[in-house]
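Everything on this sheet refers to the single structure shown next.
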Amino acid sequence: MNSTSQQAVIDSADFFDCLPDDVVLSIFGKLQDAKSLCLSMSTCKRFRSIAPQVDRVFLPIPPNKSDAKDSDRKSSFKNLVIRALTKPFLLISQMIKLKPKPEENNDLDFYSYYVPNQILKNFQGIRGLHLRLPCHGNHKHNPSRNGKNPTTLLKWRAEFGRELHSCVILGAKSWSEKDRVESSEEEASSSRVMADDELKLRIVWTISCLIAASARHYLMQETVKGLKMIESVVVSDESDQGRLCMNKEQIEEIRQSSKVKGDDETTVESRSRVPALRMKMWYLDRLEVPGSGKVMEGATLVVIKPAGGGEDEAKKGRSDAEMVADAFEGEGEGKVIGEAVRKLMVAKKCYVLEMNSF
């Protein structure tokens, strides 16, 4: 065989077919993206048999553009936010006491479209699932987050089992770069008594985060029941504002609760019921984050547990500081936020609040 023929054989050879199945599975395991894995499964029988064996899947859900009802729903959600900011307590009382008519759109059922069961039926053996929901309304990535123009900040992380185990929220009315004019030491971190209007705003923040978390929990219940091997679930959003997290023990709680009759009491419309809660709230009127050049106005940290002491967290021996560290650790912006929450937790002002179930 001459050199030209040898080169032709080499060019026509598919070296990927020569890889052992374990190596191909390792490659698919690094890929994780559900859409890419499904496309790979459609290429050949070998990939069809190997790709479903991955142990972790990342599933980004695209926006729903199927009909015009979404635009009305987005508009309704925008109106809900406006009402929350202008008349928070009137809105909250209406949400808790009143039930919408069946034919009316319910702002809380936004996530009902995003049930991932159809795609995940191909991955029954996965142990970890990360589901990313799209932004709705006008809430997109804010380009001013890394610029000098101030923007609001609201981030949260919630853990659910059968019901809420814990939730940590970080918020600020303004999140921007520090002016070039150096601030005095007294201005770097200032603490004042929170005014009534400021407290009302924080309560609205808290309730909106809890509603979002409980809606995601409601969305995922049937999904985790169908995935027998699942041990870890994360539901985030495109803007990375909030995360719902469930570990192996918390997922097992959901499975066990489904076997108990009368479990309908744990849901309210299109979300899970939130139990009575006890909250700790740290507040600083102004906070400069050391080494980042960032300034937070009205910085607020909220740690939430079920009323009665949070037995689950007590068993694990997790302190408030450990819960906060788990919620806001990371690199880049996460590292800056982690430093901010550490500064907040040593603030002298700490408010303790209680909230009824809703």
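The values are calculated or read from the model by the stated rules, or taken from the named source; none is laboratory data. Predicted model only: the values in this text are computed from it and were never measured. Cβ coordinates were reconstructed from backbone atoms using ideal geometry, including for glycine residues, and neighbour counts include every protein chain displayed. To get the accessible areas, we keep the full protein, side chains included, count just its heavy atoms, and leave off ligands, DNA and RNA. Shrake-Rupley method; radii C 1.70, N 1.55, O 1.52, S 1.80 Å.
May I ask you to list the residues in segment 215-252 that are under 11 Å from Phe160 (Cα atoms) and part of a loop (DSSP other than H, G, I, E, B)?
Residue satisfying the conditions is Asn247 alone.
Across segment 343-358, which residue is least open to solvent (accessible area, probe 1.4 Å) among those that are in contact with a Lys or Arg (Cβ under 9 Å, 6 or more places away or on another chain) and part of a loop (DSSP other than H, G, I, E, B)?
Taking segment 343-358 as the starting set, the residues that turn out to be in contact with a Lys or Arg (Cβ under 9 Å, 6 or more places away or on another chain) are 349-355, 357-358.
The next check asks that each one be part of a loop (DSSP other than H, G, I, E, B); those that pass are 349, 357-358.
Numbers: Lys349: 77, Ser357: 54, Phe358: 16 Å².
Only one residue fits best here, namely Phe358.
Residues in segment 210-263 that are of a type in the set (Lys, Arg) and under 22 Å from Leu277 (Cα atoms): how many?
Residues of segment 210-263 that are of a type in the set (Lys, Arg), as a first pass: 216, 225, 228, 243, 248, 255, 259, 261.
This time we only want the ones that are under 22 Å from Leu277 (Cα atoms), so: 216, 243.
Residues in segment 210-263 being of a type in the set (Lys, Arg) and under 22 Å from Leu277 (Cα atoms): 2 in total.
Of everything in segment 43-65, what is of a type in the set (Lys, Arg) and touching a residue at least 40 places away in the same chain (Cβ under 8 Å)? Give them in sequence order.
We begin by selecting, within segment 43-65, every residue of a type in the set (Lys, Arg); these are 45-46, 48, 56, 65.
Residue satisfying the conditions is Arg56 alone.
Just for segment 44-56: of the residues that are crowded, with 18+ Cβ neighbours inside 10 Å and out of contact with any Asp or Glu (no Cβ under 8 Å at 6 or more places or on another chain), which one is nearest to Glu238 (Cα to Cα)? Before you say what the answer is, go through the steps one by one.
Taking segment 44-56 and keeping what is crowded, with 18+ Cβ neighbours inside 10 Å, we get 50-52, 54.
Checking which are out of contact with any Asp or Glu (no Cβ under 8 Å at 6 or more places or on another chain) leaves us with 51-52, 54.
Values: Ala51: 26, Pro52: 25, Val54: 24 Å.
Here the answer is Val54.
Looking at segment 208-237, I want the residues that are farther than 16 Å from His130 by Cβ and have a partner that is open to solvent by 10 Å² or more (accessible area, probe 1.4 Å) and among the small types (Gly, Ala, Ser) with Cβ atoms under 8 Å, at least 6 apart or on another chain. Which pairs are those?
That search, which allows pairs on different chains as well, returns Ser208/Ala84; Ala215/Ser270; Tyr218/Ser270; Gln221/Ser258; Lys225/Ser258.
From the list Glu252, Glu159, pick out the single residue that is open to solvent by 20 Å² or more (accessible area, probe 1.4 Å), modelled with pLDDT of 90 or more and within 30 Å of Pro52 (Cα to Cα). Show your work before the answer.
Working: Glu159 fails: open to solvent by 20 Å² or more (accessible area, probe 1.4 Å).
Of the residues listed, the single one that is open to solvent by 20 Å² or more (accessible area, probe 1.4 Å), modelled with pLDDT of 90 or more and within 30 Å of Pro52 (Cα to Cα) is Glu252.
Any residue at all in segment 276-290 that's modelled with pLDDT of 90 or more and β-branched (Val, Ile, Thr)?
No, segment 276-290 contains no residue that is modelled with pLDDT of 90 or more and β-branched (Val, Ile, Thr).
Which one of these does Gly298 not meet: (1) under 20 Å from Gln250 (Cα atoms); (2) modelled with pLDDT of 85 or more; (3) over 20 Å from the mean Cα position of the chain (by Cα); (4) surrounded by 14 or more Cβ atoms within 10 Å (Cβ to Cβ)?
(1)
Any residue in segment 124-147 that is open to solvent by 50 Å² or more (accessible area, probe 1.4 Å), hydroxyl-bearing (Ser, Thr, Tyr) and modelled with pLDDT under 90?
no
Count, please, the residues in segment 339-349 that happen to be modelled with pLDDT of 85 or more and either within 19 Å of the chain's Cα centre (by Cα) or hydrophobic (A, V, I, L, M, F, W, C) (or both).
First, the residues of segment 339-349 that are modelled with pLDDT of 85 or more: 340-345.
Next cut, either within 19 Å of the chain's Cα centre (by Cα) or hydrophobic (A, V, I, L, M, F, W, C) (or both) only: 340-341, 344-345.
So the answer is 4.
Within segment 1-55, count every residue that is modelled with pLDDT of 85 or more, among the small types (Gly, Ala, Ser) and assigned to a helix (DSSP H, G or I).
The first filter runs over segment 1-55 and keeps only residues modelled with pLDDT of 85 or more, leaving 19-55.
Okay, now just the ones that are also among the small types (Gly, Ala, Ser), so 26, 29, 34, 36, 40, 42, 49, 51.
Now narrow it down to the ones that are assigned to a helix (DSSP H, G or I): 26, 29, 34, 36, 40, 49, 51.
Within segment 1-55, residues that are modelled with pLDDT of 85 or more, among the small types (Gly, Ala, Ser) and assigned to a helix (DSSP H, G or I) number 7.
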